[in-house]
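Below is one structure; the comments refer to it alone.
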Amino acid sequence: MKAHADRPQADRPSFGTDPKPYYLAVGVLCLLELVRRAFLGYVPDDFTAYLSAADVFAAGQHPYGEAGLAAERYAGKPYNYLPGTLYFIWPLHALSTATAVALDWVARCAALLFALRVMWRRIAPDLPFQFVLLVAVAHQPLLVDLLFGNVTTYLLAAWAGCVWVAHRPRTVATCFAAAFCGLVLSFKPFWVLSGLFVLGAKRRWVELGCAAAGAAVVVVASLPFLDILGQYRDHLAAMAEFYYSVALMTFAPALIPVVAAAWLAAGVALVRRNPGDAWIWSACAIVFWPRLGTYSYTMTLPVVLFFIARWGWLRGLAASAVLVGPIPWLLRTAPGFEKAFLLEAWTHWIWVWLAAVAVFVSVWRLGDRDTVRNT
């Protein structure tokens, strides 16, 4: 991103210049959650899907049928990821539930801290880091993921890993890091496209190949499960019918490749126009993802920070109010909707379309500015 020296000083937060109280408050919250998991028996709902799937796989079965439903640690959350991912969650079967959820929290906090540091340095470097931390804490989709234990926080960290790799000199370590990021992103394959776009936008072709190879590992690892492909598809279809989603797959599946192609074409245009900043367009890929849950919108956090960096603290937060602060929680519980989350889901989906237009225009215009690049 570029240094935003043209932004008025008045637009920058003028309170809380001492970061220590913020770090202390967030640290206490993290510690309390660790205590809740390790000693008070709290197990996040979505994380039980990984525990039960690991147990079933370790027993020589797969979690996409009756065996998954009968697992001791199954708690109503089915495992929906590619079969090849089972090899990578398999070690969970050897851990007690309390140990697993506690270690997950430590790893999740470390992954999030890494992601936030990368986003701070590359998107909003003139904003004090404690304010980036506050935006993250108030970002509802991210908070939902943290509370319910899905893998999205890790995916955000893997995307940030691609950003980190794209801005560093090529070494053997960065190539391995890119491959690892691709592997993690492949748990939700559409996230892979965002990671690859970051590397492609910065013309890091070797690292892009490494990330693609990492993602391909999960595909190759899924090949031994071809005999259950039909059962896996039926499982996904049942999940799609049960979990209503406001996304293209729900009402216009034929448009998915069309919108994806338009997103890619727009991204190529941005790279040609403004190769230094175009990588942020990767965070707008959510417009063509076929299915979306609340935690899917964790990918909007880089966009929110981009708006704050471009438009100032108040205007950036105001433009993102449906994702940051109390408004998204009110939308989630709005009365009068058969499914309580529908107003939230529609609001977020419309927002990402509007945000994509705003990001495109902003990055395009930045191509005309003679300002310093943080490359």
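The values are calculated or read from the model by the stated rules, or taken from the named source; none is laboratory data. Please read all numbers here as calculations on a predicted model, not as lab measurements. Glycine gets a Cβ as well: all are built from the backbone with ideal geometry, and neighbour counts include every protein chain shown.
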Discussion item. Going by what's in this entry, would Arg315 be described as exposed (fewer than 15 other Cβ atoms within 10 Å of the Cβ), in contact (Cβ under 8 Å) with a residue 40 or more places away in the chain and either closer than 14 Å to Ala358 by Cβ or more than 20 Å from the chain's Cα centre (by Cα) (or both)?
Written reply: yes
Discussion item. Can you list residue pairs whose Cβ atoms sit under 7 Å apart, with the first residue in region 213-235 being within 9 Å of Pro83 (Cα to Cα) and the second being assigned to a helix (DSSP H, G or I) and of a type in the set (Val, Ile, Thr)? Count only pairs 6 or more apart in sequence or on different chains.
Written reply: Val218/Thr85
Worksheet item: Within region 133-168, how many residues are of a type outside the set (Gly, Ala, Ser) and more than 21 Å from Val106 (Cβ to Cβ)?
Response: 9
Worksheet item: Can you tell me how many residues in region 44-64 are crowded, with 16+ Cβ neighbours inside 10 Å, assigned to a loop (DSSP other than H, G, I, E, B) and in contact (Cβ under 8 Å) with a residue 60 or more places away in the chain?
Response: 4
Worksheet entry | Positions within region 19-43 being closer than 23 Å to Val135 by Cα, assigned to a helix (DSSP H, G or I) and not aliphatic (A, V, I, L, M), in sequence order | Lys20, Pro21, Tyr22, Tyr23, Gly27, Cys30, Glu33
Discussion item. Looking only at residues that are part of a helix (DSSP H, G or I) and either of a type in the set (Phe, Trp, Tyr) or over 20 Å from Leu142 (Cβ atoms) (or both) in region 328-342, which one is modelled with the lowest pLDDT?
Written reply: Leu342
Discussion item. Out of the helices (runs of 4 or more DSSP H) lying entirely within region 174-247, which hold 3 or more residues that are of a type in the set (Asp, Glu), buried (at least 19 other Cβ atoms within 10 Å of the Cβ) and in contact with a Ser or Thr (Cβ under 8 Å, 6 or more places away or on another chain)?
Written reply: none
Worksheet item: Right, Phe88: among the aromatic types (Phe, Trp, Tyr), surrounded by 15 or more Cβ atoms within 10 Å (Cβ to Cβ) and out of contact with any Phe, Trp or Tyr (no Cβ under 8 Å at 6 or more places or on another chain) or not?
Response: yes
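So that you can scan it fast, the table gives a plain yes or no per residue for (1) under 24 Å from Thr153 (Cβ atoms); (2) in contact with a helix residue (DSSP H, G or I) (Cβ under 8 Å, 6 or more places away or on another chain):
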position: Pro169; (1), (2): no, no
position: Lys188; (1), (2): yes, yes
position: Gly200; (1), (2): no, yes
position: Arg203; (1), (2): no, no
position: Ala215; (1), (2): yes, yes
position: Ala237; (1), (2): no, no
position: Val258; (1), (2): no, no
position: Arg272; (1), (2): no, no
position: Ala278; (1), (2): no, yes
Discussion item. Take the residues in region 13-43 that are out of contact with any helix residue (DSSP H, G or I) (no Cβ under 8 Å at 6 or more places or on another chain) and among the β-branched types (Val, Ile, Thr); name whichever of them is surrounded by the fewest Cβ atoms within 10 Å (Cβ to Cβ).
Written reply: Thr17
Worksheet item: How about region 287-303: which of its residues are over 13 Å from Ile350 (Cα atoms), in contact (Cβ under 8 Å) with a residue 60 or more places away in the chain, of a type outside the set (Phe, Trp, Tyr) and assigned to a helix (DSSP H, G or I)?
Response: Thr294, Ser296, Thr298, Met299, Leu301, Pro302
Response to the item:
(1) assigned to a loop (DSSP other than H, G, I, E, B); (2) surrounded by fewer than 18 Cβ atoms within 10 Å (Cβ to Cβ) all hold for Arg121 apart from (1)
